[in-house]
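Student: Before anything else, here's the structure in question.
The values are calculated or read from the model by the stated rules, or taken from the named source; none is laboratory data. Source: prediction; values computed, not measured. Here the Cβ is made from the backbone with ideal geometry for all residues, glycine too, and neighbour counts use every protein chain on show. Note: accessible area is taken over every heavy atom of the protein model, side chains too, but ligands, DNA and RNA are not part of it. Shrake-Rupley method; radii C 1.70, N 1.55, O 1.52, S 1.80 Å.
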Amino acid sequence: GMNTSTAGPAFGGGCGGNGICKDQLDPPSSAEIEWLEYMREEEKLARDAYILMNEEHGLLIFANIARSEQLHMDAVKSLFEKYDLIDPVEDESPDSYGQFSNVILDGLFEAFMDRGLTDLMVGLQVGGEIEETDMRDISTAISETSKEDIISTYQNLLCGSANHLRAFVKQIEILGGEYQPLYLTEDELAEIVGAPVARKCEGNR
């Protein structure tokens with residue numbers, strides 16, 4: 001009948017521009033939702049860490065990568081909106097820096113900051129470790145979903161993390177230090193650092 005368009009929210013009848021209505025979307029599994037929640041806050045961990053380290057050390061790389069992490073947060077948030085999920089990040093403002101609903105990420109952030117705020121070179125090392133942790137977790141999350149849209153978003157994040165890791169390693173080397181990989185082998189690290197920067201990680205969006 002004529003009243004179907006009023007069934008959903010006012011901003012578009014509950015249907016996206018692609019003509020898919022929310023109730024037609026195959027909802028994510030509980031495992032997929034758990035990973036989305038984790039990735040949303042893990043990208044926030046990176047953003048918050050780089051903002052605080054930039055305030056402490058005043059090095060442009062932290063500010064630049066923090067901006068990129070905000071885009072990563074936004075990308076994951078769009079999946080929460082698409083699937084009508086409850087976002088674990090209620091507040092993105094400066095008041096929220098270092099605050100996470102996930103206790104694992106809460107502890108990780110504290111440990112990273114205990115080291116990263118003490119010394120610039122340690123801070124750059126911590127930056128690389130955050131990106132390696134991110135890459136490891138994103139890879140696991142990709143292996144536990146079959147949804148194209150989620151995989152595509154995660155692959156963009158993975159591409160961005162590799163760019164960030166490369167940038168941190170090169171900055172350490174410019175300053176005369178050497179990056180110590182956390183999870184990657186020396187060969188895997190060399191492959192990432194030696195690869196050309198991926199200018200566009202967003203695929204064909």
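Student: Condition check: free of Cβ contacts under 8 Å to residues at least 24 places away in the same chain and either closer than 25 Å to ARG40 by Cβ or not aliphatic (A, V, I, L, M) (or both). Does SER143 satisfy that?
Tutor: Spelling it out, SER143 is indeed free of Cβ contacts under 8 Å to residues at least 24 places away in the same chain and either closer than 25 Å to ARG40 by Cβ or not aliphatic (A, V, I, L, M) (or both).
This table checks each residue for (1) within 24 Å of ALA66 (Cβ to Cβ); (2) charged (D, E, K, R).
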{"position": "GLU148", "(1), (2)": "no, yes"}
{"position": "ASN156", "(1), (2)": "yes, no"}
{"position": "SER161", "(1), (2)": "yes, no"}
{"position": "ARG166", "(1), (2)": "yes, yes"}
{"position": "LYS170", "(1), (2)": "yes, yes"}
{"position": "ILE174", "(1), (2)": "yes, no"}
{"position": "GLU188", "(1), (2)": "no, yes"}
{"position": "VAL193", "(1), (2)": "yes, no"}
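Student: Ok, one more. Suppose we filter ASP95, ASP91 for residues that are more than 18 Å from the chain's Cα centre (by Cα), under 18 Å from ILE51 (Cβ atoms) and acidic (Asp, Glu); which single one remains?
Tutor: Testing whether each residue is more than 18 Å from the chain's Cα centre (by Cα), under 18 Å from ILE51 (Cβ atoms) and acidic (Asp, Glu) leaves just ASP95.
Student: Given the residues ARG67, ARG40, which is the only one that is charged (D, E, K, R), in a helix (DSSP H, G or I) and open to solvent by less than 40 Å² (accessible area, probe 1.4 Å)?
Tutor: ARG40
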